[in-house]
1. Is it true that A:Ala328 is closer than 24 Å to A:Val145 by Cα, among the small types (Gly, Ala, Ser) and buried (at least 18 other Cβ atoms within 10 Å of the Cβ)?
2. Among the residues of region B:38-58, how many are part of a loop (DSSP other than H, G, I, E, B) and either crowded, with 21+ Cβ neighbours inside 10 Å or more than 9 Å from chain A (Cβ to nearest Cβ) (or both)?
3. Picking from B:Ala75, B:Ala28, which residue would you name as being in a helix (DSSP H, G or I), more than 16 Å from ligand 3 (Cβ to nearest atom) and buried (at least 22 other Cβ atoms within 10 Å of the Cβ)?
4. Residue pairs, Cβ under 7 Å, 6 or more apart or interchain, first in region B:125-145 and in contact (Cβ under 8 Å) with a residue 24 or more places away in the chain and within 14 Å of chain A (Cβ to nearest Cβ), second within 8 Å of ligand 1 (Cβ to nearest atom) and among the polar types (S, T, N, Q). List them.
5. Looking only at residues that are without any contact (Cβ under 8 Å) to a residue 12 or more places away in the chain and not in a loop (DSSP other than H, G, I, E, B) in region A:236-278, which one is surrounded by the fewest Cβ atoms within 10 Å (Cβ to Cβ)?
6. Quick one: how many residues across region B:86-103 are free of Cβ contacts under 8 Å to residues at least 60 places away in the same chain and either within 16 Å of ligand 1 (Cβ to nearest atom) or at the interface with chain A (Cβ under 10 Å from one of its Cβ atoms) (or both)?
7. Within region B:260-275, identify whether any single residue is in contact (Cβ under 8 Å) with a residue 12 or more places away in the chain, of a type in the set (Asp, Glu) and under 13 Å from B:Leu149 (Cβ atoms), and answer yes or no.
8. Looking for whichever is open to solvent by less than 10 Å² (accessible area, probe 1.4 Å), assigned to a loop (DSSP other than H, G, I, E, B) and either within 14 Å of chain B (Cβ to nearest Cβ) or within 28 Å of B:Asp39 (Cβ to Cβ) (or both) here; the options are A:Val72, A:Val65. Which one fits?
Amino acid sequence: MRVLESGNHLIALAANVAGVEVVPAYPITPQTQVIEMIADLIAEGKMDAEYIPVESEHSACAALVSASLTGVRAFSATSAHGLAYMHEMLHYAAGIRVPVVMVNVNRALGPGWNIWCDHQDSISQRDTGWLQVYVASHQEAVDTVIQAYRITEDHRVLMPLMLNMDAFVLSHTYMDADVPGREEVEAYLPPYRPLWKLDPRLPMTHGSVVYPVDFSETRQSMQIGQDNARQVVYEAADEFMRAFGRRHGDMVDGYKLEDAEHLIVAMGSLAAESRVAVDEMRAAGRAVGLLRVRFFRPFPIDELRSLCSGRSGLMVIDRDFSYGMEGALFSEVKAALYGHADVPSTNLIVGLGGRDVTYEQIREAADRAFRGEADEVTWGDSHITKAHEITREMLAEFDKLLSP
Amino acid sequence: MVSFKDLPEEELFLAGSTACQGCPSSLALRMAFKALGKDTILLVVASCTSVLQGSYPLSAINLPLMNVAFATGGASASGVSAAVKALVKRGELAEEPNVLVWAGDGGTYDIGIQSLSGAAERETDFIYVCYNNEMYSNTGTQRSGATPLGAWTTTTPGGKAQHRKDIAQIMIAHRIPYVATVSLAYPLDFYQKMLKAKEIRGTKYIEMLAPCPPGWKFPSAQMIAVSRMAVQSGMWLLYEHEDGETRFTAATKRILEGKVKKRPVKDYLEIQGRFRQILSSPEGQQAEDMLEKEVSESIRRLQGWVPEYI
Ligand SMILES: Cc1ncc(C[n+]2csc(CCOP(=O)(O)OP(=O)(O)O)c2C)c(N)n1
Ligand code: SF4
Ligand SMILES: [Mg+2]
């Protein structure tokens with residue numbers, strides 16, 4: 001059914017057609033409309049699920065995990081501080097191997113309080129074991145919610161999945177999108193069949209003490225789940241294509257790659273913006289392409305190696321920063337290419353805390369980068385002055401104030 | 001009235017537990033399982049009980065069991081409770097199994113109170129048992145919000161300077177359908193309260209005083225004796241709260257009816273090692289008086305006493 005809806009509402013509609021049975025959630029801007037709509041759908045009898053209005057995100061994730069382990073399809077949504085508050089439970093979900101799906105509406109982390117888009121929240125959860133996918137359009141958000149359960153519930157994977165969607169740019173803008181019917185989706189995504197669960201008919205202990213002699217094996221098996229997901233992502237996309245006639249790219253999404261000498265690498269809605277920059281640069285006769293990283297975990301190592309090798313340069317855009325280092329995507333891309341494809345790369349940090357990023361800015365930065373004029377890491381839209389720093393003079397002032 | 005002959009013979013708490021000798025949690029688990037039976041999903045909050053069940057790949061507990069994070073007793077129960085509802089709706093389960101949370105006092109009074117309070121306010125259908133050994137024993141005897149005034153722990157080396165809080169009263173304030181306190185020295189009272197909790201829908205909170213031999217410093221063979229003295233001295237009051245009414249039970253009832261004489265708190269303090277320091281210090285008498293006052297205030301509050309300032 002075609003609808004004109006906001007990204008958040010589309011997520012709720014997709015969760016409904018995906019046959020979600022339990023939804024524990026806690027409100028945070030910019031995610032609230034997802035859970036409000038789910039609560040409405042349930043109240044109106046249009047969605048057959050249990051909504052748990054938990055008292056915190058830590059509890060939301062705890063209930064998500066325990067509901068899933070009891071054998072039902074569970075879903076939640078959060079953002080920024082909510083995701084950070086779940087941190088312990090994110091590890092729990094992955095460690096106890098529950099195939100849950102959670103939407104994270106990407107938002108900056110305070111202080112200072114900032115409700116707008118960047119990727120710092122999900123990037124900070126990189127090592128929790130969750131699969132991470134970043135979508136770039138409304139339709140992709142819908143389709144990825146449905147595919148997500150195919151991927152996570154596959155017995156070769158059984159790892160939780162975080163679907164990341166940019167705050168406001170996607171969450172609050174209205175777009176026409178197709179939400180398939182429940183029956184069609186059920187043919188693609190059959191009811192959840194757990195491999196193990198909490199069941200009085202077959203009592204088993206989950207999450208008990210594991211001594212060093214067994215621990216590494218439990219962790220390596222998580223990595224095997226992540227590795228298996230690489231294959232399963234493609235299978236889920238292929239079958240989705242057959243069932244619904246749409247495809248959004250798989251581990252990565254390429255644009256004008258064939259003859260490109262230089263590539264822009266980006267995630268989320270900035271990648272959509274970069275397409276326009278690529279078109280403009282192409283019009284000016286420059287052989288530039290775009291590589292959108294969809295799955296950040298598992299990281300598209302093979303795809304990057306084969307698609308980046310032989311290029312003259314990369315500009316990696318990060319909407320996040322790993323303090324003391326550089327943008328996180330930049331580090332990951334270089335790590336994947338190291339020893340396999342020797343491509344000069346630079347990093348553009350833009351759009352933090354929702355600062356608007358235009359295709360002109362991306363084009364200008366890419367022009368500079370591909371002429372070899374950019375620093376290794378460029379804070380592309382930050383205009384820091386001395387007044388923004390705690391300068392030595394200011395510290396001296398405090399010192400005077402504090403010492404009598 | 002149930003008698004010991006009525007207890008089912010089937011053991012769901014199996015041999016091979018790694019608990020200390022005389023561990024109150026293991027004995028209580030055994031008792032609780034007898035009351036609730038096989039059709040129970042157990043959630044164990046991080047505590048000694050996460051460890052005493054045995055380690056991977058073995059388990060001494062023959063129930064579906066999930067070990068949950070320290071702060072998540074109530075929330076984890078909410079997830080399971082919602083899921084079993086969905087499974088019944090889907091026709092996969094004939095009826096909802098009991099959902100039992102087993103948590104220590106740290107996981108209840110301190111880090112888990114938010115999650116427990118949330119679950120209770122949402123009227124989640126589950127039984128929450130707090131086995132209260134009045135300290136964090138799993139991490140080596142640190143103070144908790146349940147540690148009584150004067151008690152030694154590794155983080156109250158001179159004896160705790162503050163009173164414990166009364167979490168059962170906090171749970172009563174949530175207007176949940178059933179709150180009860182139990183003691184291992186009064187096993188049939190415990191068993192009956194568990195049976196009752198099983199029949200009631202909504203959130204049921206049951207708290208047991210759990211004298212822990214290594215943490216409280218008494219010989220393991222004395223665990224039941226210490227449990228009994230806690231009740232006889234009034235330092236642990238047995239009651240149940242239902243439909244807005246509090247009813248005293250077992251020995252507490254007998255004491256308050258004047259059938260048995262209450263023992264002085266001092267008798268209780270002296271049969272364990274954790275009050276030794278405070279008792280032998282200049283503040284010893286004062287601590288004893290303050291605890292005696294705490295007991296009489298608790299009783300009066302349970303009897304419906306309204307403080308004058310209201
Ligand atoms: C978030 C978090 N903080 C700290 C711990 C460490 N920890 C595990 S059990 C425990 C104490 C448990 O005390 P209590 O709930 O009273 O149970 P007991 O050990 O006394 O049986 C602590 C502090 C943890 N597991 N998780
Ligand atoms: S320390 Fe205490 S509560 Fe923990 S296992 Fe030993 S006796 Fe039981
Ligand atoms: Mg304890």
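The values are calculated or read from the model by the stated rules, or taken from the named source; none is laboratory data. Just so we're clear, the structure is a prediction, and the values are computed from it rather than from any experiment. Please note: Cβ atoms are built from the backbone with ideal geometry, for glycine as well, and neighbour counts cover all protein chains shown. For accessibility, only protein heavy atoms count, side chains too; no ligands or nucleic acids. Shrake-Rupley method; radii C 1.70, N 1.55, O 1.52, S 1.80 Å.
1. Numbers: closer than 24 Å to A:Val145 by Cα: no; among the small types (Gly, Ala, Ser): yes; buried (at least 18 other Cβ atoms within 10 Å of the Cβ): yes.
Criteria not met by A:Ala328.
2. So in region B:38-58, the residues part of a loop (DSSP other than H, G, I, E, B) come out as B:38-39, B:46-47, B:53-54, B:56-58.
Pick out the ones that are also either crowded, with 21+ Cβ neighbours inside 10 Å or more than 9 Å from chain A (Cβ to nearest Cβ) (or both) and you get B:46-47, B:53.
The total comes to 3.
3. Values: B:Ala28 fails: more than 16 Å from ligand 3 (Cβ to nearest atom).
Only one candidate qualifies: B:Ala75.
4. Listed pairs, sorted by first residue: B:Asn138/B:Ser47.
5. Here is the first cut: in region A:236-278, the ones without any contact (Cβ under 8 Å) to a residue 12 or more places away in the chain are A:238, A:241-242, A:245, A:247.
Next cut, not in a loop (DSSP other than H, G, I, E, B) only: A:238, A:241-242.
Details: A:Asp238: 12, A:Met241: 13, A:Arg242: 9.
Result: A:Arg242.
6. Taking region B:86-103 as the starting set, the residues that turn out to be free of Cβ contacts under 8 Å to residues at least 60 places away in the same chain are B:86-97, B:99, B:101, B:103.
Then keep just the ones that are either within 16 Å of ligand 1 (Cβ to nearest atom) or at the interface with chain A (Cβ under 10 Å from one of its Cβ atoms) (or both); that gives B:86-87, B:89-90, B:92-93, B:97, B:99, B:101, B:103.
Qualifying residue count, region B:86-103: 10.
7. no
8. A:Val72
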